[in-house]
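Visitor: My structure is below; once you've seen it, I'll send some questions.
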Amino acid sequence: MLDSLFKNKIPFAYEYFSNLLELVFQKKRTFPQALIFEGNDTKTQYLFVLELARILNCQNDKSKDCNCINCKWIKSFAHPAVNNVSQIHFKGENDESKTVISVKQAREIEKNLSLSSDYYRFFIFFSSSEKEYFENELNDFKNLGYETNINYSIQPLEYKTFHSATLNAMLKSIEEPPENTVFIFLTKSKEDILPTIVSRCLVFKLSGHKESLNWNDIKGLVSNYPNITYDIAFDISDNIQKYLKETNLDCELFLNKFLEYLKDILKQNINNNDLAIKINKDIRLINDAIKHTRANISEKIILDTLMLRIARGF
């Protein structure tokens, strides 16, 4: 269903949502009502959301080449149930604001939700203004069969353009939407969105390739190992979090690199029994932390806990 383009660009999200869609069609799970996608590549986030909406609304085989009316509408940005919400989209009467997503737009969403629908309704929130694209900037859209006459920018949400008054006006809609309604927020960081909204959403960091990890940076961040003590555990965790935010990398990818680093140390110290015992214990701790990343526990909690457990020795 989901194209391999996303497998290469956002592997974790590709795998998670491929499995989820299968379960939704088997009526074993429902699709989430509210999602936040974090990351620097907002265009890929947006295209991914459009593909989720297309597959859920598709009347045929869900393939990227499907030519059913819903797929045609979505690929031409004309589907009545797939809505962009930005400074220039989804504007009601007498709403002349062009610098913020306004409270009036929140009211328009309420009005829309009061009408029945046979479709999966999507509300896709992002920042936007008028824009012209160079030909190659929309190659991914073209490769998936989308029209490329997009005349608006696709930028991450920011607090200054999507502030608390609008978000508070939307709380009830997000908490109690009609069946088959999905709110999706595209942002660099969930910190740019009101915490009361974040708490009602599943949050996914849509990161890129493993190869973007800098091996020397990883080694530098954990260079105190195996001498990580309580007094520096939080500092190491803070430095890792800062690095992940600056490079827009997944915590899980970092943890896998940390595992590689420990295995290298183990090979270099094969005759040091005490160190080998410690490394094997810490490998188990890191594997526990990796499981926690898949449960959507915050990076801060995962990394703080991991470094303290390594310092403590269990």
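Visitor: Anything in segment 115-132 that is under 20 Å from SER189 (Cα atoms) and of a type outside the set (S, T, N, Q)? List them, or say none.
Guide: Of everything in segment 115-132, those that are under 20 Å from SER189 (Cα atoms) and of a type outside the set (S, T, N, Q) turn out to be PHE123, ILE124, PHE125, PHE126.
Visitor: Tally up the residues in segment 65-87 that are surrounded by fewer than 17 Cβ atoms within 10 Å (Cβ to Cβ) and part of a loop (DSSP other than H, G, I, E, B), please. Lay out the reasoning, then the answer.
Guide: To start, the set of residues in segment 65-87 that are surrounded by fewer than 17 Cβ atoms within 10 Å (Cβ to Cβ) comprises 65, 67-69, 72, 76-78, 80.
When the remaining residues are screened for being part of a loop (DSSP other than H, G, I, E, B), the result is 65, 67-68, 76-78, 80.
Result for segment 65-87: 7.
To keep it simple, each residue is scored yes or no on (1) touching a residue at least 12 places away in the same chain (Cβ under 8 Å); (2) not in a helix (DSSP H, G or I).
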residue	(1), (2)
ASN8	yes, no
VAL24	yes, no
ARG29	no, yes
PHE37	yes, yes
TYR46	yes, no
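Visitor: Evaluate the following for GLU96: is it closer than 14 Å to TYR120 by Cα and charged (D, E, K, R)? Spell out the reasoning first.
Guide: On the way: closer than 14 Å to TYR120 by Cα: no; charged (D, E, K, R): yes.
The answer is no for GLU96.
Visitor: Just checking, does segment 169-187 include any residue being surrounded by 13 or more Cβ atoms within 10 Å (Cβ to Cβ), on the phi < 0 side of the Ramachandran plot and at pLDDT below 90?
Guide: No, every residue in segment 169-187 fails to be surrounded by 13 or more Cβ atoms within 10 Å (Cβ to Cβ), on the phi < 0 side of the Ramachandran plot and at pLDDT below 90.
Visitor: Any residue in segment 28-35 that is closer than 23 Å to ARG200 by Cα, basic (Lys, Arg) and out of contact with any strand residue (DSSP E or B) (no Cβ under 6 Å at 6 or more places or on another chain)?
Guide: Checking segment 28-35: at least one residue is closer than 23 Å to ARG200 by Cα, basic (Lys, Arg) and out of contact with any strand residue (DSSP E or B) (no Cβ under 6 Å at 6 or more places or on another chain).
Visitor: Filter segment 200-212 down to the residues that are over 18 Å from HIS292 (Cβ atoms) and surrounded by fewer than 18 Cβ atoms within 10 Å (Cβ to Cβ), then identify the one that is modelled with the highest pLDDT.
Guide: ARG200
Visitor: Further question: Is there any pair linking a residue in segment 218-240 that is within 14 Å of LEU306 (Cβ to Cβ) to one that is assigned to a helix (DSSP H, G or I) and of a type in the set (Gly, Ala, Ser), with Cβ under 6 Å and at least six apart or on different chains, and which?
Guide: Partner pairs satisfying both residue conditions: ILE228/ALA311; TYR230/ALA311; ALA233/ALA311.
Visitor: Condition check: part of a loop (DSSP other than H, G, I, E, B), among the β-branched types (Val, Ile, Thr) and more than 19 Å from LEU171 (Cβ to Cβ). Does ILE101 satisfy that? Before you say what the answer is, go through the steps one by one.
Guide: Numbers: part of a loop (DSSP other than H, G, I, E, B): yes; among the β-branched types (Val, Ile, Thr): yes; more than 19 Å from LEU171 (Cβ to Cβ): no.
Answer is no for this residue.
Visitor: Okay, next question. Inside segment 146-160, can you point out the residues that are crowded, with 17+ Cβ neighbours inside 10 Å and either touching a residue at least 60 places away in the same chain (Cβ under 8 Å) or within 21 Å of HIS79 (Cα to Cα) (or both)?
Guide: Within segment 146-160, TYR146, ILE150, TYR152, SER153, ILE154, GLN155, PRO156 qualify.
Visitor: In addition: Need the failing condition index for PHE48 against (1) at pLDDT below 95; (2) within 24 Å of the chain's Cα centre (by Cα), just the number.
Guide: (1)
Visitor: Out of the residues in segment 242-279 meeting the condition of being of a type in the set (S, T, N, Q), assigned to a helix (DSSP H, G or I) and modelled with pLDDT of 85 or more, tell me which one is farthest from the chain's Cα centre (by Cα).
Guide: The qualifying residue farthest from the chain's Cα centre (by Cα) is ASN273.
Visitor: Right, PRO226: touching a Lys or Arg at 6+ places or on another chain (Cβ under 7 Å) and farther than 30 Å from SER129 by Cβ or not?
Guide: yes
The values are calculated or read from the model by the stated rules, or taken from the named source; none is laboratory data. Every value quoted in this text rests on a predicted model; they were computed, and no experiment measured them. As a convention, Cβ positions derive from the backbone with ideal geometry for all residues, glycine included, and neighbour counts pool all protein chains shown.
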